[in-house]
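To start, the structure under review is shown below, and the notes come after it.
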Amino acid sequence: MNGLANTGVLLAEGPPPPRKPDKATRRSLLGGMLAGPLFTVAYLLEGAIKPDGYDPLRHPVSSLALGEFGGLQTASFIVAGVPSLAGAAGLRRALRAAPGPRRGARWGPLLLGIWAAQLVCMGIFRTDPVSGYPPGTPAAHEQYSGPAAALHDAIAMLGFVALAAACVVFAVRFGVRRRPGWAACSALSALGFLATMALAIAAFEQVEPLTAYGGLFQRIAITIAWCWQTLLAAHTLRALPDVPATSSD
């Protein structure tokens, strides 16, 4: 009889509640929140001090890795990518522990992880010259100079698609959770990012009259991406339950 009674108690209690996110999750989300502002400040400063004909309105951010002080941009790609990867991991842990519908808890962080990994790869595989930078190079190339440049463009495209897809996944998630403001923000971020990035790509392919503004279009697209990632990380971090005082790092 006692055994049956204990069984009834266990059935009444149901499954254990999800474990609260720990301090590591909070630190990961904080890294994802800070990566964008740090990257933005870095490329704005580098573009302003570049001494050899670099035009931020015309040339892509990746071209900052070419010419003098190129190592600074290479480092900024990696420095932004690593905390973004941590942020995606923290986001996954936070969403898995959150109550309510779990729609997007797997694919959203995974797609953001692909975007973050792409940033690291941008620091490893250097781009070819484009739009006449560095000075003396042609505006466009008929073929890549080597595997590194080809990988740079291919991985960048994969990262761009992943970021836009992540926005859509979270738009659906927020819609299911009846958060129309966040759903609209995510959907509009996807549209704005894809539209401005398409203009930037066309400009770098020397489609007139867009060529002179390729860098501007790309920077608008990157700003949309970073703003959305930063706001999402901040929102998730703020929504986390308090960590008990007895929890460990």
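The values are calculated or read from the model by the stated rules, or taken from the named source; none is laboratory data. Note that this is a predicted model, so its numbers are computed, not measured. All Cβ positions, glycine included, derive from the backbone under ideal geometry; neighbour counts span all protein chains shown. Remember, those area values only see protein heavy atoms, side chains included, never the ligands or the DNA or RNA. Shrake-Rupley method; radii C 1.70, N 1.55, O 1.52, S 1.80 Å.
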If you take the residues in the range 29-65 that are of a type in the set (A, V, I, L, M) and touching a Phe, Trp or Tyr at 6+ places or on another chain (Cβ under 7 Å), which one is farthest from residue 233 (Cα to Cα)? 57
Could you grab me the full set of residues in the range 154-193 that are surrounded by fewer than 17 Cβ atoms within 10 Å (Cβ to Cβ), without any contact (Cβ under 8 Å) to a residue 40 or more places away in the chain and within 18 Å of residue 111 (Cα to Cα)? 154, 157, 161, 188, 191
Looking only at the range 48-91, filter to residues that are open to solvent by 50 Å² or more (accessible area, probe 1.4 Å) and of a type in the set (Val, Ile, Thr); which one of those is nearest to the chain's Cα centre (by Cα)? 82
Considering only the range 199-220, how many residues are within 14 Å of residue 60 (Cβ to Cβ) and either touching a residue at least 60 places away in the same chain (Cβ under 8 Å) or exposed (fewer than 15 other Cβ atoms within 10 Å of the Cβ) (or both)? 13
Where a residue in the range 125-145 is under 18 Å from residue 47 (Cβ atoms) and its partner, wherever it lies, is of a type in the set (Phe, Trp, Tyr) and assigned to a loop (DSSP other than H, G, I, E, B), with Cβ under 7 Å and at least six apart: 133/54
Here are some residues: 45, 95, 110. Which one is open to solvent by 20 Å² or more (accessible area, probe 1.4 Å), modelled with pLDDT under 95 and not in a loop (DSSP other than H, G, I, E, B)? 45
